[in-house]
Structure formats: C-alpha cells, structure tokens
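Every number here is computed from the coordinates shown, using simple stated rules; none is lab data. Just so we're clear, the structure is a prediction, and the values are computed from it rather than from any experiment. Backbone-built Cβ (ideal geometry, glycine too); neighbour counts: all protein chains shown.
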Amino acid sequence: MFKDARLKTGLTIEEAAAKTYVSPRALINYEQENTTPGPDVALQMSKVYKDPWLTQRYCKDCCAIGRAYSYEILDNVNLDPASVMLKLVGEMKEAQDVLNNMLALAVNKNEREDFKECEWEEFVRYLHEFLDVEHNVEILKISLNKWCDMAELIAEHNQKCKLRGYVGGEVSER
C-alpha cells in the first residue's frame, strides 16, 4: 500500500524518505512490509503522497482497533465528495424512516436482556441503517481531504465541544 501511494506521486525512495522524515532504509522496509510504520509516519506519508485513503487503509490493516472498527474502503464506487454526499442523503433518509420504530423498541429497555429476541432482531436491522450513515460520513470526511484539512476541522469541532462543556464529565444544557 505504501509503495503504490509513493509511486503514484512519482517520488523516489530518497525524496519520499526526506519528506516523511524517515531513512530510505526504513521506507523500503515499510514498502516491502518487513516492518510497520507508526501511525505518525503513516499520517505523514498520507499527507506527502496526497492520499487521504492511506490512513484508512493503514488503520484497517495495521491496527487491532482499526481492524475491529474500521469500515470497508469502498473502492468500487465514485468517491468524489459530491457523489458521497448524494449517497449520504439517501442513507440519512433511510435512517430517519426507521428512527421512530427504533425508539419505540428501545423505550423502557436498559440492557440487551430487556429485549425479546424478535425485538432485538428488528432493532439490529434498524441499527444497520445508522451504520450505513456513519460509514458514509466517514467516507465523506476522507474524500473531503481533497478540498480541506479535515484534521484541522475536527480539531476545531473538538474545541467547540470542550467550550460547550460536552467534554470532561461536565454536562451543559446548550
């Protein structure tokens, strides 16, 4: 994955190593999958190679948490931001359509055991609609890296959450 990303940019091993702040030998080892770079190096490669999907592939392939919680990279669909947004509109409509049913099932339930088996199966079917939304939002964030620095925007969003008291155990009524 790393070699393909580098080659698409036309950088030599030496050029890429200098821009990613690693030795040429280390870069060769990453490309040959002899060693796995740390997340900071993978992030730098993603920026240098102008490949926002590289971080997603890294997390999915190289991190136990990413293997458990990362969505598939949809490489067989149009990933331009506008196309992803159109798909997201449809997924959000489907999720909105099941929200009231999902809420009705969840009323007076505090844990999984409170559901009858048929209720749980229905709840999970509805939950999949929200996973579709989340998957599309994740794809949108990555595809928007073509236009803006999503890391910067997420940092701004996190700061806003802190200022509103949503972080640190404090609950705000805003």
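Between residue 64 and residue 34, the simple spin-label model (points 7 angstrom out along Cα→Cβ) gives 2.6 nm. Here residue 162 is the anchor, and the lysines within straight C-alpha reach of less than 26 Å, apart from those fewer than 8 places off in the same chain, are 141. Farthest toward the positive end of the dipole of segment 30-174, out of 96, 64, 151, is the Cα of 151, where the dipole comes from beta carbon charges about the Cα centre. Taking a sphere under 11 Å around the Cβ of residue 115 and counting the other residues whose Cβ falls inside, with K and R at +1 and D and E at -1, yields a net charge of -4. A crude spin-label estimate for the pair residue 114 and residue 160, with each label 7 Å from Cα along the Cβ direction, gives 3.2 nm.
Couplings 3J(HN,Hα) for segment 73-81, derived from phi with the Karplus relation 6.51 cos²θ - 1.76 cosθ + 1.60 (θ = phi - 60°), are 7, 7, 9, 10, 9, 6, 9, 5, x Hz, where x marks Gly and Pro.
Over segment 2-41, what is the relative contact order in percent, taking alpha-carbon pairs closer than 8 angstrom and at least six residues apart?
Relative contact order for segment 2-41 comes out at 33 percent.
For residue 124, what charge total do you get from the other residues with a beta carbon under 12 Å from its beta carbon, if Lys and Arg give +1 and Asp and Glu give -1? Combined, the nearby Lys, Arg, Asp and Glu give -3.
Residue separation times 0.36 nm, minus the C-alpha to C-alpha distance between residue 71 and residue 23: what's the value? Present the calculation step by step, with values, prior to reporting the outcome.
On the way: separation 48, 0.36 × 48 = 17.28 nm, distance 3.17 nm.
Taking residue 71 through residue 23 to full extension adds about 14.1 nm, to one decimal.
Just rank 6, 57, fewest to most, by other beta-carbon atoms within 10 angstrom. Don't skip to the end; give the middle numbers.
Details: 6 25, 57 20.
By the 10 Å Cβ count, ascending, the order reads 57, 6.
In this Cβ point-charge picture (+1 for Lys and Arg, -1 for Asp and Glu), segment 37-148 has a dipole of about 620 debye about its Cα centre.
Charged neighbours of residue 42, selected by a Cβ distance under 15 Å, balance to +2 (K, R count +1; D, E count -1). Adding -39500 (n - 2.57) for every DSSP H run of four residues or longer, then dividing by how many residues the chain holds, sets the calculated 222 nm ellipticity at -21500 deg cm²/dmol. Candidates 28, 39, 76 compared by Cα position along the dipole of the chain: farthest toward the positive end lies 28, with charges placed on Cβ. When a/c is below 1.5 the answer is rounded, else prolate if a/b is larger than b/c, else oblate, so apply that to segment 25-72 with a ≥ b ≥ c taken from the square roots of the Cα gyration tensor eigenvalues. Oblate, since a/c reaches 1.5 and b/c is not below a/b.
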